[in-house]
1. Would you check if there is a residue in the range 151-168 being modelled with pLDDT of 95 or more, polar (S, T, N, Q) and more than 11 Å from the ligand (Cβ to nearest atom)?
2. So if I check each of Arg76, Arg121, which one is assigned to a loop (DSSP other than H, G, I, E, B) and not polar (S, T, N, Q)?
3. Using the structure shown, decide if Ala47 is part of a helix (DSSP H, G or I), modelled with pLDDT of 95 or more and under 22 Å from Leu249 (Cα atoms).
4. Between Val70, Val74, Val80, which is away from the ligand (no atom under 15 Å from the Cβ) and open to solvent by less than 30 Å² (accessible area, probe 1.4 Å)?
5. Tally the residues that are closer than 16 Å to Arg254 by Cα, more than 10 Å from the ligand (Cβ to nearest atom) and buried (at least 24 other Cβ atoms within 10 Å of the Cβ), restricting the search to the range 179-204.
6. Give the number of residues within the range 83-119 that are within 12 Å of the ligand (Cβ to nearest atom), over 15 Å from the mean Cα position of the chain (by Cα) and open to solvent by 30 Å² or more (accessible area, probe 1.4 Å).
7. If a residue has to be touching a Ser or Thr at 6+ places or on another chain (Cβ under 9 Å) and not in a strand (DSSP E or B) to count, how many in the range 1-22 make the cut?
Amino acid sequence: MINGKIDLRSDTVTVPTDEMRQAMFTAVVGDDVYGDDATANELEAIAAEMFGKEAALFVPSGTMSNQLAVFTHVVRGEEVILPDNCHIVGHEAGAAAIIAGAQIRTVQNVAGEMPLEIIERYIRKDISDIHVPRTALISYENADSDGQVRTVEYMKNVKALADKYDIPVHVDGARIFNAATVLGVDVKEMAQYTDTMSICMSKGLCAPVGSILVGSKEFIDKARRKRKILGGGMRQIGFLAAAGKIALLEMSKRLGEDHANAKYMVERLQEVKGITVYPERQQISMVFFELGTYPLTSDELVSYMAENNVIINGQDNGMMRYVTHNYVSKEEIDVVVDLMLAKQ
Ligand SMILES: Cc1ncc(COP(=O)(O)O)c(C=O)c1O
């Protein structure tokens, strides 16, 4: 529970753990714009080492991390190849056009991923023609916003294709630890097939604020300057970095529990008459179902749950999504499913 309620809207609703609060209270801090914040410096060093990259940069949000990547990789008017349903395209308010002046070239996912042959077809090969924009970046998510995980093999293949045309790859790894947990691999193994990656600490990992951008030293130096342009040069961020350290080093190891709880939720939801549950879509902490012939509409279900101290989102494109996290126990899943059973 969070503040007395079962909140299934997203893993972003997680609040800092007691250990994080304690670490934040005692954190050594300094002015990070001067490079003086020892805890932020330590967090960035930990992240760089963890992901096998030369350097890392603390930023306030996953959106800023992605946008800094685009802003740093791409020159105004150049193109980025992306899946059409990804966060950068659909949930960052058009920022890539506003900040980097990037032209977005979207690929329709097939079975959750951009087909390699379409990526290759979309890469601009002959830019000697003055009409043609240059492809400056290929980007995708892992795990994606629909909770689907891309394999290491896929990551390797995208990188090999990008290397063939000398194009960098940015992975939106907002939930990279969820993906690594599902695949049973170290995040370093995944990160080797990216030039840059953004990693969120404020989703399933419970930090209050923060994302990390990793890449080469040269890239991160440039991104640090661009972070300043965006007003993201922060001062005593060690308070946040202290929680971030616990997120990366400890909370990243417990995501299997959330995934197992999500699987349990799928099993229990299948008892509810009228709804259609999608077990095959449950890979990480996200559970998807349609209301079908269930007696309550989406709005009615949201209100009914709220009356019973359960917070859920209404359907999106006909699909309901419940998300498990550190503050959702098996017993609370039973409470939610029993509430639904009571109305069937
Ligand atoms: C895949 C993905 N990328 C990026 C973000 C952006 O993170 P933030 O909300 O911290 O800006 C989200 C947010 O949920 C996300 O799901």
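1. Of all residues in the range 151-168, those modelled with pLDDT of 95 or more come to 151-168.
With the extra rule that they be polar (S, T, N, Q), the set shrinks to 151, 157.
This time we only want the ones that are more than 11 Å from the ligand (Cβ to nearest atom), so: 151, 157.
Yes, because at least one residue in the range 151-168 is modelled with pLDDT of 95 or more, polar (S, T, N, Q) and more than 11 Å from the ligand (Cβ to nearest atom).
2. Testing whether each residue is assigned to a loop (DSSP other than H, G, I, E, B) and not polar (S, T, N, Q) leaves just Arg76.
3. Against the criterion (part of a helix (DSSP H, G or I), modelled with pLDDT of 95 or more and under 22 Å from Leu249 (Cα atoms)), Ala47 qualifies.
4. On the way: Val70 fails: away from the ligand (no atom under 15 Å from the Cβ); Val80 fails: away from the ligand (no atom under 15 Å from the Cβ).
Testing whether each residue is away from the ligand (no atom under 15 Å from the Cβ) and open to solvent by less than 30 Å² (accessible area, probe 1.4 Å) leaves just Val74.
5. 3
6. Residues of the range 83-119 that are within 12 Å of the ligand (Cβ to nearest atom), as a first pass: 83, 85-93, 95.
Applying the additional criterion that residues be over 15 Å from the mean Cα position of the chain (by Cα) yields 93, 95.
With the extra rule that they be open to solvent by 30 Å² or more (accessible area, probe 1.4 Å), the set shrinks to 93.
Number of matching residues: 1.
7. 5
Residue-by-condition table, conditions (1) more than 16 Å from the ligand (Cβ to nearest atom); (2) open to solvent by 10 Å² or more (accessible area, probe 1.4 Å); (3) aromatic (Phe, Trp, Tyr):
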{"site": "Ala174", "(1), (2), (3)": "no, yes, no"}
{"site": "Phe177", "(1), (2), (3)": "no, yes, yes"}
{"site": "Cys206", "(1), (2), (3)": "no, no, no"}
{"site": "Val209", "(1), (2), (3)": "no, yes, no"}
{"site": "Ser216", "(1), (2), (3)": "yes, yes, no"}
{"site": "Arg225", "(1), (2), (3)": "yes, yes, no"}
{"site": "Lys228", "(1), (2), (3)": "yes, yes, no"}
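The values are calculated or read from the model by the stated rules, or taken from the named source; none is laboratory data. For clarity, every value in this text was computed on a predicted model and none was experimentally measured. Cβ sites come from the backbone with ideal geometry, for glycine too, and all protein chains shown count toward neighbours. Just the protein is used for accessible areas: all its heavy atoms, side chains included, with ligands, DNA and RNA removed. Shrake-Rupley method; radii C 1.70, N 1.55, O 1.52, S 1.80 Å.
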